[in-house]
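The values are calculated or read from the model by the stated rules, or taken from the named source; none is laboratory data. What you see is a predicted model, and the numbers here were worked out from it, not measured in a lab. So basically every Cβ, Gly included, is an ideal-geometry build from the backbone, and we count neighbours across all protein chains shown. Remember, those area values only see protein heavy atoms, side chains included, never the ligands or the DNA or RNA. Shrake-Rupley method; radii C 1.70, N 1.55, O 1.52, S 1.80 Å.
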Amino acid sequence: MDFNNKNKFHIIFYLLGLLILAGAFCWFLGQIHMIINILIVSILVTYLIAPCVHFLHKKGVPLTISIVIVYAALLAIISFFVAYLLPIVKLEFHRLIANMSTMSASLNHITSQWALTIQSWLPTTLKPMVEPEKLSTQHIMQFMQNNSPSLVKNSMPGFLSGVRSMASIMGGAILVPLLVFYILMDAGIYKESFVGCLPKAWRSGAVDLLRRIDYVLGKFIRGQLIVCVTIGFFVGLSLWLMGIDYAILIGVFSGIIDIIPYVGVAISYIPAFIIALLNKGPLFAVFTIIVLQGVHWLEGHIIVPAVIGRSVKLPPLTVMVALIAGAEIGGIMGMLVAIPVAAIARVCIEFYVEKNPAFGPLTEEDMRLPDTPYPLEAN
């Protein structure tokens, strides 16, 4: 075996070893998914409250006291919303459940009328596709149950089961604050330990890369929370001013689901459209969607640039691919962390390109089309 073939053999063996280790690591993470979920939530909470803790600490307040003060303020805010907002949401939810059968019958009647109208416009061969029975709520729910992807059937129950297990076995409500406390207390130690394990030639670059990742994650996580609260408030206020039932409940739902970019916006339209349709007819339902689209336009063009800025810098296609991949890998929790992981990958690639002398900024000369025609003309 010559030298080149020997090198190729070692490279292939090395890559196979890396793949095996990566597979074993993913399998291991799957076995401890409950603690992984707790750790992810703890990291998210840490990024939310870290600026306040650091601000108090820089003012001379001991770090432990700073964390306790922020915890107390956070508890007061949560208690305020629970005391004043939760009763309203609970009341509207009970009303919605009580009126569900009546609303379902009304929706079936409306969809049947639409189906009959559409059938009168279609040729005979296409009429069976829009039969009124196929558009009933019972048929749609049965269709979704039978044809929903494995994500909904498997990931959602697994995620909810994990949440229940955390609550019953590990006491997630107590464990998360403890983990956040220790992360804030020892963040510097974790950083020094990680950098100390690297070769000296890499350490300055690693510190710079960690600083960039910390900035992007903090900007995105804190900004996304502000965006969700803002959207929930404006959606609820808009629907309430329009006189639509369950406006506060829909606003809370829109704020929560907006944490998933693009997908959350589309899902939030559904309950608002249905309620407006049942309350005041199809034209008002369309007008409701137009109003909500205006709110989300403000989100995309004013609120998000002002709060998050260009820190993430991910195009919509990348965001959608990351969300789908996250959903396939980790269900709901995977969708929540998909964008931060994609942002970290973008920062790492950007850092590598910036530090590698073989790369450089893209110029007009790089994108200039060659003068030679294609395909080449025959002589």
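Provide the solvent-accessible area of E350, counting protein heavy atoms only and rolling a 1.4 Å probe, rounded to the nearest 10 Å².
We get 70 Å² for E350.
Accessible area of L44, 1.4 Å probe, to the nearest 10 Å²?
Its accessible surface works out to 50 Å², give or take rounding.
Report the normalised scattering of the stretch 233-335 as log10 I(q)/I(0) at q = 0.25 Å⁻¹, calculated by the Debye formula with identical scatterers on the alpha carbons.
With one equal scatterer per Cα and no solvent, log10 I(q)/I(0) is -1.29.
Taking all protein chains together and a probe of 1.4 Å, list R222, R368, R346 from the most accessible to the least accessible.
R368, R222, R346
In debye to the nearest 20, how big a dipole does the stretch 229-379 give about its Cα centre with +1 on each Lys and Arg Cβ and -1 on each Asp and Glu Cβ?
540
Just by accessible area at a 1.4 angstrom probe, what is the order of D208, D371 from largest to smallest?
D371, D208
In square nanometres, what is the average projected area of the Cα convex hull of the stretch 38-120?
10.1
How large is the accessible surface of H94 in square angstrom, using a 1.4 angstrom probe and rounding to the nearest 10?
Spelled out: H94, probe radius 1.4 Å, area about 100 Å².
If you roll a 1.4 Å probe over the stretch 225-379 with all protein chains in place, what percent of the accessible area is carbon or sulfur?
Answer for the stretch 225-379 is 73 percent, counting heavy atoms of protein chains only.
Mind checking the stretch 261-343 for trypsin sites (Lys or Arg not before Pro) that DSSP puts in a loop (not H, G, I, E or B) and that have at most 14 other Cβ atoms within 10 Å? Before the final figure, lay out the partial values.
Details: sites: K280, R310, K313; in loops: R310, K313.
Here the sparse-neighbourhood loop sites are R310, K313.
What FRET efficiency comes out for A76 versus D214 if R0 is 22 angstrom and r is the Cβ-Cβ distance? Round to the nearest 0.05. Could the numbers behind the result be given before it?
On the way: r = 27 Å, r/R0 = 1.25.
Here the calculated transfer efficiency is 0.20.
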